[in-house]
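Some notes on the structure that comes next.
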Amino acid sequence: MDIDDLLLYDETLFKNIDAFNPDYIPDNFMYRKSQMEALAISIRPALRSGRPVNGVVLGSCATGKTTAIKKIFEMVERTSDKVVCVYINCQIHTTRFGIFSQIYQKIFGHTPPETGVPFSRIYQNIMQHLSNEGKALIVALDDINYLFYSKNANKIFYDILRAHESFEGVRTGVFAILSDIEFRFMLDKNVNSIFIPQEIIFNPYSKEEIKDILKERARIGFYSEVISDELLDEITEYTVSNGDLRVGIDLLRIGGNLAEADASKTIERKHIQEALKNTGSINLMYTLKSLSDDERTLLDLIRTSDVDLTAGELYSQFSKKTKSSYASFNRILNKLEFLRLIDTRFTGKGVKGNSRIIILRFDTEEIQKCMSRL
């Protein structure tokens with residue numbers, strides 16, 4: 001089959017290709033009933049003219065946190081017009097203005113001007129509207145650790161949670177979503193005294209749960225009998241070994257595309273084997289996408305070095321680029337090692353006898369290729 005035929009080929013294995021997208025929200029959201037109930041209990045007071053209960057939504061990547069938040073927000077907005085629910089990705093929006101621009105857009109249907117209007121007026125418009133309309137505001141801050149990296153977290157929390165002190169009757173709440181389970185945030189005491197969150201834990205899916213979720217996603221996304229149970233079992237095994245449900249969903253999508261390119265009516269083992277060749281890059285892309293700007297800067301310094309650097313040599317280069325403290329550098333270095341992007345090896349040399357050599361775990365060209373796509 002030539003390229004023209006591929007592009008114009010009418011038959012498809014996909015009943016709903018959107019089912020394999022990262023932001024797809026399934027109607028049948030499996031194995032997260034208790035977490036959804038906990039979110040609903042936190043929101044329920046806001047539906048009854050009370051103040052919502054704040055929450056920390058905690059779990060590793062691909063455990064359903066974002067889907068749960070978006071799904072419960074959809075349910076709330078179908079139930080009542082007295083609660084404004086705003087989901088914000090803090091990897092994208094890290095500034096005070098950026099966060100409140102998203103809230104402003106949800107309330108008024110358009111973003112505020114980026115210049116010429118002071119932040120105080122944007123903030124006042126938001127809170128005065130909530131006060132006048134008797135509406136509660138619930139803000140979900142996904143990957144909230146990025147607000148701490150940018151040092152904007154305390155002010156944003158303060159602006160949201162203490163709005164009732166300046167605007168009568170305003171009721172606000174925050175869901176702080178953390179994917180970096182090693183990250184521990186500290187709020188200023190004047191914020192912490194009012195945040196007081198309920199912790200909602202999203203544990204990793206079990207092998208059987210992963211299998212059922214992949215089977216359900218295949219049922220929604222493919223026509224019947226496109227993929228066998230045996231191949232789904234193999235994809236499940238690989239997904240479990242990688243610890244990331246998104247890898248299995250990507251394998252289904254890539255396998256389906258490869259089968260279509262072969263003009264095959266079913267996904268065969270050879271298509272999954274070919275798709276597996278791309279999974280290393282898929283995993284690396286997900287990991288790199290989760291990094292902050294400073295974390296990517298440090299990784300790029302490691303990648304572009306012609307020799308293995310010591311921690312001291314690396315910090316010297318990093319501090320010139322970012323003006324970061326050694327404590328921040330050390331935290332980022334430890335995170336890169338935790339994510340298995342680098343290894344460190346103690347040399348027994350140095351002033352205190354504990355100098356570390358930094359070793360990149362991935363091929364430099366592969367990292368460069370993935371980073372160029374971000």
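The values are calculated or read from the model by the stated rules, or taken from the named source; none is laboratory data. All values derive from a computational prediction rather than experimental measurement. Cβ: placed from backbone, ideal geometry, glycine included. Neighbour counts: every protein chain shown.
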Selection within the range 116-146 - modelled with pLDDT of 90 or more, part of a helix (DSSP H, G or I) and either more than 29 Å from Asp293 (Cβ to Cβ) or out of contact with any Phe, Trp or Tyr (no Cβ under 8 Å at 6 or more places or on another chain) (or both): Ser120, Arg121, Gln124, Asn125, Met127, Gln128, His129, Leu130, Ser131, Asn132, Glu133
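Here is a check on your reading of the model: is Leu161 in contact with a Leu (Cβ under 9 Å, 6 or more places away or on another chain), over 30 Å from Gly248 (Cα atoms) and buried (at least 20 other Cβ atoms within 10 Å of the Cβ)? Before you say what the answer is, go through the steps one by one.
Working: in contact with a Leu (Cβ under 9 Å, 6 or more places away or on another chain): no; over 30 Å from Gly248 (Cα atoms): yes; buried (at least 20 other Cβ atoms within 10 Å of the Cβ): yes.
No.
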Within the range 64-89, tally of residues that are over 22 Å from the mean Cα position of the chain (by Cα) and small (Gly, Ala, Ser): 1
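Go through Ser264, Ser224, Ser241, Ser305 for me and flag whichever is of a type in the set (Gly, Ala, Ser), surrounded by fewer than 18 Cβ atoms within 10 Å (Cβ to Cβ) and assigned by TED's automatic domain parsing to the domain that holds Leu336. Even if it seems obvious, please write down each step before you answer.
Details: Ser264 fails: assigned by TED's automatic domain parsing to the domain that holds Leu336; Ser224 fails: assigned by TED's automatic domain parsing to the domain that holds Leu336; Ser241 fails: assigned by TED's automatic domain parsing to the domain that holds Leu336.
Within the list Ser264, Ser224, Ser241, Ser305, the selection yields Ser305.
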Qualifying positions in the range 283-338 - among the hydrophobic types (A, V, I, L, M, F, W, C) and touching a strand residue (DSSP E or B) at 6+ places or on another chain (Cβ under 8 Å): Leu299, Ile302, Leu309, Ala311, Leu314, Leu333, Leu336
Qualifying position, being touching a helix residue (DSSP H, G or I) at 6+ places or on another chain (Cβ under 8 Å) and modelled with pLDDT of 95 or more, among Ile249, Ile302, Ile267, Ile272: Ile267
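Is there a residue in the range 140-151 that is of a type outside the set (Ser, Thr, Tyr), over 23 Å from the mean Cα position of the chain (by Cα) and either within 24 Å of Leu39 (Cα to Cα) or in the same structural domain as Thr63 (by TED's automatic domain parsing) (or both)? Before the answer, list the steps.
First pass over the range 140-151, keeping only residues of a type outside the set (Ser, Thr, Tyr): 140-145, 147-148, 151.
Still in the running and over 23 Å from the mean Cα position of the chain (by Cα): none.
No; the residues of the range 140-151 include none that is of a type outside the set (Ser, Thr, Tyr), over 23 Å from the mean Cα position of the chain (by Cα) and either within 24 Å of Leu39 (Cα to Cα) or in the same structural domain as Thr63 (by TED's automatic domain parsing) (or both).
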Residue within the range 8-27 that is surrounded by fewer than 20 Cβ atoms within 10 Å (Cβ to Cβ), modelled with pLDDT of 95 or more, under 23 Å from the mean Cα position of the chain (by Cα) and of a type in the set (Phe, Trp, Tyr) present: no
From Leu299, Leu288, residue being touching a Cys at 6+ places or on another chain (Cβ under 7 Å), within 28 Å of Thr94 (Cα to Cα) and surrounded by 16 or more Cβ atoms within 10 Å (Cβ to Cβ): Leu288
